[in-house]
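Beneath this line is the structure, given in structure tokens, with notes to follow.
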Amino acid sequence: MHDLSESVGVDRPNRAADVKLVQQLLNNHIKALAPMAPLAVTGKVDEATIAAIRAFQAKVVGLSKPDGAIDRGGKTIKALSTDAPASPPDPGDQSAINNAAIDAAAQKIGCERAAVKAVTMTEVGIRGPFDAMGRATILFERHLFHKWTKGRFDAAHPDISNPSGGGYGKFSAQYPKLERAMALDRAAALKSASWGAFQILGENHKAAGYASVEDFVAAAKTSLAKQIEGFGNFVVADARLRKALQVRDWTTFARIYNGPGYRKNNYDVKMRQNYEILGNKP
């Protein structure tokens, strides 16, 4: 078993060699901590490291009150020293948009399968279901984190908690923002990001068919098929979207689903073109 010379984490000595060991061990278990990104092994304790410790304590160790600290000989370092669990199934590429998932969503919505596939092709083509590291694609919405936390982090963290939307920054900045927010309020952070190819907000997890945002996020990171399933549920939950897809009213669908910027990004045009390309092909 690995052990530390001094404890690591919140209000602990945090010797560089010990912190590096903890960061390396947490990275060995990173898939169990999704949607977190691998830690930079710096030997310095930062917000991301504390968030990862707490997530590991909650998800793997099973602590009801994760304290963000790892003590010598304690439960957390013992659990970190074990082998990481087997990797979950590979999310695969977009060609694995399996027809069963498309068929199930179309049947649920009551529309042509080509209509569901046209939307899927459009959304996948814009951002993809997963990033280069295999994580579900996300966009962090700072105004939603402000809403869910009642603005209590606005002053100290205006870039991730703000009454005004926008300020997204680069694509590569999304997970670091999410992880910082998770360290402050995990549930609120997960609700404040949009997930996967269809960019369904975590706060809409019930409409997507999941009782909790944790379950929704876990499904989104599993496969594109699961993302399609959530999309189907989300459309069924909104009568306007359902009707628009049933009659292939791409403009109405894009306006409601993608928001007022749909014209700028030609979402409706792309959906229509993809549908015409597909026709009734599988």
remark   = Within region 1-52, the residues that are of a type in the set (Asp, Glu), surrounded by fewer than 18 Cβ atoms within 10 Å (Cβ to Cβ) and touching a strand residue (DSSP E or B) at 6+ places or on another chain (Cβ under 9 Å) are ASP11
query = Taking helices (runs of 4 or more DSSP H) that fall entirely within region 189-282, which contain at least 3 residues that are surrounded by 24 or more Cβ atoms within 10 Å (Cβ to Cβ) and not β-branched (Val, Ile, Thr)?
reply = 224-236, 250-258
request  = Select from region 150-188 the residues that are over 22 Å from VAL45 (Cβ atoms) and in contact with a strand residue (DSSP E or B) (Cβ under 7 Å, 6 or more places away or on another chain) and write down the one among them that is surrounded by the most Cβ atoms within 10 Å (Cβ to Cβ).
outcome  = GLN174
query = Does region 20-67 hold any residues that are touching a helix residue (DSSP H, G or I) at 6+ places or on another chain (Cβ under 6 Å), farther than 21 Å from LYS221 by Cβ and in a loop (DSSP other than H, G, I, E, B), and which are they?
reply = VAL41, GLY43, VAL45, LEU63
key: Some residue of region 81-102 being under 22 Å from the mean Cα position of the chain (by Cα) and at pLDDT 85 or above   = yes
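To keep it simple, each residue is scored yes or no on (1) outside the structural domain of PRO35 (by TED's automatic domain parsing); (2) under 22 Å from PRO38 (Cα atoms); (3) not hydrophobic (A, V, I, L, M, F, W, C).
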| position | (1), (2), (3) |
| --- | --- |
| SER172 | yes, yes, yes |
| MET182 | yes, yes, no |
| TRP195 | yes, yes, no |
| LEU201 | yes, no, no |
| ALA207 | yes, no, no |
| ALA211 | yes, no, no |
| VAL217 | yes, yes, no |
| ILE228 | yes, no, no |
| VAL235 | yes, no, no |
query = Pick from region 247-259 the residues that are of a type outside the set (D, E, K, R) and farther than 18 Å from PHE198 by Cβ: which of them is farthest from the chain's Cα centre (by Cα)?
reply = VAL247
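The values are calculated or read from the model by the stated rules, or taken from the named source; none is laboratory data. From a predicted model like this one, the values you see are computed outputs, not experimental measurements. In this analysis, Cβ positions are derived from the backbone assuming ideal geometry, glycine residues included, and neighbour counts consider all displayed protein chains.
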